[in-house]
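Report on the following structure.
Only the coordinates and a few stated rules stand behind these numbers; no lab work does. This is a predicted model, so every value here is computed, not measured.
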Ligand SMILES: [Zn+2]
């Protein structure tokens, strides 16, 4: 059953009050928040996603504190400066402090990244606790081969001093496994970050399932994993997730139309 939770929450409309580019990003992010819930990757108010505003490299949008992803719409998102200033109205008056620390680190440290998704799914956290992290059991996982960093647990990320460590550990990876805490997936666009998230979450679920049986697992060679990773790289300058994203957006359009508010 699909319930459009966002239809029950009202936010002051920002349509027409922000640039067309920012509004388009707001719609994409709002669709992404709904899809993360749709795929069962969230369910709490403690996760966050950010995306850089086009043409404004020091500004990013993030979800307001206190709301479920299923309640968010384009107008609900908060615009934040890299230095922590809140530039647009925050419906709940707050931005999750850990959200600001994590996302400002990523956006300032990785100019090529325009979207970052931070989640605490059961399979993702489980893999973050395993010494080797993600193992490359399935095709979906191989696009991340050699592109996963680790960040040791340092308590709840409220301290801006943790930013340097996050930047260092993310390095040029696609994923940062926050030990005993959660995951961060980054991409050049909302489309890329979401499609990577789907691939990554499935990979973690498959790892948990495969290891649960105790049966011996066949793992492709490092050479095969690397070859497969290269096959998944974007071609013709098209964002990696562009085609899948169009299909995913149709789910949001059909079931959760209030995301466009
Ligand atoms: Zn977290």
Tilt, helix 242-255 to longest principal axis of the chain (alpha-carbon atoms), in degrees rounded to tens, equals 60
If the chain between residue 218 and residue 56 were fully extended at 0.36 nm per residue, the gain over the current Cα-Cα distance would be 53.7 nm
Note: residue 153 to residue 8 extended length (0.36 nm per residue) minus current alpha-carbon separation gives 48.5 nm
With -39,500 (n - 2.57) per DSSP H segment of 4 or more residues and division by the full residue count of the chain, the 222 nm estimate, nearest 500 deg cm²/dmol, is -12000 deg cm²/dmol
Percent antiparallel among DSSP beta bridges confined to the chain, rounded to 5, stands at 85
Expressed as a whole-number percentage, the relative contact order of region 5-260 with C-alpha contacts under 8 angstrom and at least six residues apart is 21
In degrees rounded to 10, the 0-90 angle between helix 222-231 Cα long axis and the longest Cα principal axis of the chain is 40
The helix 20-38 Cα axis meets the longest alpha-carbon principal axis of the chain at an angle in degrees, between 0 and 90 and rounded to 10, of 50
Here the gain from full extension of residue 131 to residue 228, 0.36 nm per residue of separation minus their alpha-carbon distance, amounts to 32.6 nm
Counting only DSSP beta bridges with both partners in region 113-261, the antiparallel fraction in percent, to the nearest 5, comes to 70
